[in-house]
Amino acid sequence: MTTIPAPDLPALLRQHGLRCTASRLSTLRLLSSSGEHLSCPDVSGELERLGLPFDQTTVYRTLEALTAAGLAHAVHGPGPKRYGISSEPHHHTVCETCGHVGDLPIEQLREVMERITELAGLHTGTAASLLLYGRCVRCTV
Ligand SMILES: [Zn+2]
Ligand SMILES: [Zn+2]
């Protein structure tokens, strides 16, 4: 997943109509730098480890605000929702066992998306996203 240079984050928040608060900035920075899809407990745990203790309610509201503004997106699987950064569109894999969410690059699946349009008559735009459920490598051993 792509990361966003840290100095651009306050501007990015403002562009999306969000006030630049400490929790928003820290959460966005963490999502961007981790390159992972993280749950609310993951984010609050990681922020605490970094010396930025926000309570889970604050972190949850922050993640929802970032999602509503289009800066982040939520992926539903087993367990808590996982949030990722929306800087570059991507498809998702979801592990049905542990809930891990992975990225699939859009470019490499362009033909698959065209085939889906053919088969289902569903015209997929640039924001279209596949959600593929299975078991991740860690859970198949
Ligand atoms: Zn994602
Ligand atoms: Zn797994």
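The values are calculated or read from the model by the stated rules, or taken from the named source; none is laboratory data. Predicted model only: the values in this text are computed from it and were never measured. Every residue, glycine as well, gets a Cβ built from its backbone with ideal geometry; the counts of neighbours run over all protein chains shown.
Quick grid of which residues meet (1) closer than 26 Å to Leu25 by Cα; (2) over 14 Å from the mean Cα position of the chain (by Cα):
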position	(1), (2)
Gln56	yes, yes
Ala68	yes, no
Ser87	yes, no
Cys98	no, yes
Val101	yes, no
Arg110	no, yes
Glu114	no, yes
Ala120	no, yes
Arg138	no, yes
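Residues checked against (1) modelled with pLDDT of 90 or more; (2) within 28 Å of Ser34 (Cα to Cα):
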position	(1), (2)
His100	yes, yes
Pro105	no, yes
Ile116	no, no
Leu119	yes, no
Ala127	no, yes
Tyr133	yes, yes
Cys136	yes, yes
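Pro89 falls short on exactly one of the conditions (1) in contact with a strand residue (DSSP E or B) (Cβ under 9 Å, 6 or more places away or on another chain); (2) under 28 Å from Ile116 (Cβ atoms), and that condition is (1). Out of segment 39-59, which residues are part of a helix (DSSP H, G or I) and under 24 Å from Tyr133 (Cβ atoms)? Scanning segment 39-59 gives Cys40, Pro41, Asp42, Val43. Scanning segment 48-71 for residues that are without any contact (Cβ under 8 Å) to a residue 24 or more places away in the chain and touching a helix residue (DSSP H, G or I) at 6+ places or on another chain (Cβ under 6 Å) gives Gln56, Tyr60.
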